[in-house]
1. Taking amide H atoms as placed 1.01 Å from N in the peptide plane, list the residues 5 or more away in sequence, or in a different chain, whose amide H sits under 5 Å from that of residue A:131.
2. Net charge near residue A:68: determine it from the other residues with C-beta under 14 Å of the C-beta of residue A:68, scoring Lys and Arg +1 and Asp and Glu -1.
3. How many angstrom lie between the Cα centre of region A:164-184 and the Cα centre of region A:7-67?
4. Please report, as a whole percent, how much of the solvent-accessible surface of region A:112-248 comes from carbon and sulfur atoms (probe radius 1.4 Å).
5. For region A:185-292, what is the Kirkwood estimate of the hydrodynamic radius, computed as the reciprocal of the mean inverse distance between distinct Cα atoms, to one decimal in Å?
6. Sorted by mean Cβ packing within 10 Å, highest first, what order do the peptides A:332-344, A:368-380 take?
7. Give the relative contact order (percent, whole number) for chain A; include only Cα pairs under 8 Å separated by 6+ residues.
8. Scan around residue A:269 for amide H atoms under 5 Å from its own, H built in the peptide plane at 1.01 Å from N, and keep only partners 5 or more places away or cross-chain.
Amino acid sequence: MTPTRKSFSSIRGVHDILPGESERWQAIERAAGRLFAAFGFREIRLPIFEATELFARGIGEATDIVEKEMYTFADRSGESVTLRPEGTAPAIRAFLEHHLGAAQAVTKLYYWGPMFRYERPQKGRFRQFYQIGAEIIGSGAPEADVELLALLHLLFERLKIDGVRLELNSLGDEACRPAYRQTLQRFLESKQADLCENCRRRTATNPLRVLDCKNESCREATADAPMIVDHLCEACRSHHDRVTEGLAALKIVYHPNPRLVRGLDYYNRTTFEWTTTKLGAQNAVVGGGRYDGLVALLGGDPAPAIGFALGMERMAELLPPELGQPAAPDLFMAALGEQARAWAAPLVLALRKEGYRVETEYGDASLKSQMRRADKTGARWVCIVGENELTSGQIVVKNLQTKAQETLEADRALDELRLRLASLPPSPVSSPPPGGRGEHKAR
RNA sequence: GUGAGUGUAGCUCAAUGGCAGAGCACUGGACUGUGGCUCCAGUGGUUGGGGGUUCAAUUCCCCUCACUCACCCCA
């Protein structure tokens, strides 16, 4: 009787992060985690779904995300819930719900995890994708903007990612944007013939976005369009200047992009993206900006805030290939036969307890195949224990790089092995996982 | 949502209507207890799925699913 076999695969646009890739993610998470700590951000762990209304109100009813990209469904009680398409609205919801702002004037939060948008997948774009996000809530000072940008700048530096550029713009605020919007609208109305269908529609609904259109003729038509940076009110002008001065003082290179308009309604003043040309049609690795109105919009006392979202998949694609490689074992224990394995087991455990990476074979395998595996895993040392060794009280240790082989007293095996492993050069491939050898060596 | 391309072994790909193959990987051997290099052998397939045309379909046609890329949008 042959059982019918059904195979499964992950659903569309949703991917497994496999070993090989996960190490690269860990490299990003480690680097980001250290920087968040250094900058005084604390982690908040947020739910993966929220009331639909939170996103509809927070992100904006007219945005693409809310109009057509949300994973929305009714739960068993009939409440409409939505898998989070972004993290800022949930973060602010939690901030308000738990009165996190009461303990200090400025609250700095970060989070990471999956986000969900129902889009057609393509390079760098998925239905379940991962973001690292951070928010500074409670400060409208340009220094906050600069600090956030400096953190990201350091992150790219730490991860040795180049070929990215920081693009910067200001969207103004409620004092200056309405007037600019009208000015732009009038301009666009005079150019209707040259605009794509989409942009003709957007002239009325969201004229700012026309500036962001990739269409060649739209680009040309708006070449001499009025730009928001030239129509900022006094307060926004001053804010923007102090941000750019702050960046310059920290030697952080940025590229003014007066066309940088972001897709979520809540942004005002500073907006930014780190862009790259290495991700196909996608160019944003990190996006963010100031959203001084959102806290009040979600029912809190008005509080200015700024944040960013970083795309993990996109970031991982940009990592230099040598970063995040799996760490090779320090030692491969080749034990031959049941007795030898029993003898070696406590030794292996003792070394692992100290943080050394030790690999073994589970069942019976020839020395040849164990040596082959030791070589393939990249282990620096092999310890050979068999019947000969057990009767003679001597074990064999071989350095796979130098091929040097020596015989050790079995009784002193732990000390002798520790001696050799401790003198290993630092692993060139990656740092050990938390609690691994780093901890051991730091002692 | 729209458009284009691609689905054959674990991976990368051949086979244009006539017996489903190669390289890599994996396992074993040459070397009975010493890795890489070399050589030899072996395991591995519902050719994405369904239907049709045909004596005969991986190949041609239809449907469907998936993946990829692009539009759109963004992380």
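The values are calculated or read from the model by the stated rules, or taken from the named source; none is laboratory data. Keep in mind that this is a model prediction, so the values were computed, not measured. In this analysis, Cβ positions are derived from the backbone assuming ideal geometry, glycine residues included, and neighbour counts consider all displayed protein chains. Only protein heavy atoms, including side chains, enter the accessible area calculation; ligands, DNA and RNA are left aside. Shrake-Rupley method; radii C 1.70, N 1.55, O 1.52, S 1.80 Å.
1. Hits under the 5 Å cutoff: A:113, A:115, A:312.
2. -2
3. One Cα centre to the other: 28 Å.
4. 46
5. Evaluated over region A:185-292, this radius sits at 15.4 Å.
6. With the highest mean Cβ count within 10 Å placed first, the list reads A:332-344, A:368-380.
7. 15
8. Placed amide hydrogens put A:171, A:172, A:173 under 5 Å from residue A:269.
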